[in-house]
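Working notes for the structure below.
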Amino acid sequence: MTAMKKGAAAIPAAEVQAALELILASSVFVNAPRMRRLLRFLGEKAIFGAAQDAGEYFIGIEVFDRDPSAYK
C-alpha cells in the first residue's frame, strides 16, 4: 500500500487502515451500516490514492447500490 501525506511526513497506509478499522468499530458506526460503507469507501479511496473516484456517481453506485442508469 501507499503512504498518505500529512504535511511533510507520510503516514504509512497500514496505520491509516488500522485507524479506519478502529473508527468503524466504534459505537458511533457499529449500528450504522450505510455510514460504515460510506466511511470505508472514502477511507480506502484516500489510502489507495483514488480520491478522484469518490464522486457522487461512484458513491451512489458502489456505496448506496443505486441504479447506474439513474445517473445521466
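Read-outs throughout are calculated quantities, based only on the coordinates presented, and are distinct from any laboratory measurement. If you're wondering where the values come from, they're calculated on a predicted model, not measured in any experiment. Here Cβ is always computed from backbone atoms with ideal geometry, including for glycine, and neighbour counts include all displayed protein chains.
Against the longest principal axis of the chain, how steep is helix 13-24, in degrees 0 to 90 to the nearest 10, with axes from Cα atoms?
Relative to the chain, helix 13-24 is tipped by roughly 60 degrees.
Per residue and in cubic angstrom, what volume does the convex hull of the Cα atoms of the stretch 4-70 have?
Convex hull of Cα atoms, per residue: 88 Å³.
With everything on Cα atoms, drop me the angle between helix 33-47 and the longest principal axis of the chain, reported from 0 to 90° to the nearest 10.
Tilt relative to the chain: about 50 degrees.
About its Cα centre, how strong a charge dipole does the chain have in debye, to the nearest 20, once Lys and Arg get +1 and Asp and Glu get -1 at the Cβ?
Using only the charged Cβ atoms, the result is roughly 140 debye.
List residues of the stretch 51-72, by number, whose backbone nitrogen lies under 15 Å from a label position 7 Å along Cα→C-beta of residue 40.
So the set is 62-65.
What value, in deg cm²/dmol to 500, does the helix sum -39500 (n - 2.57) over DSSP H runs of n ≥ 4 give at 222 nm once divided by the residues of the chain?
Counting only the DSSP helices, I get -12000 deg cm²/dmol.
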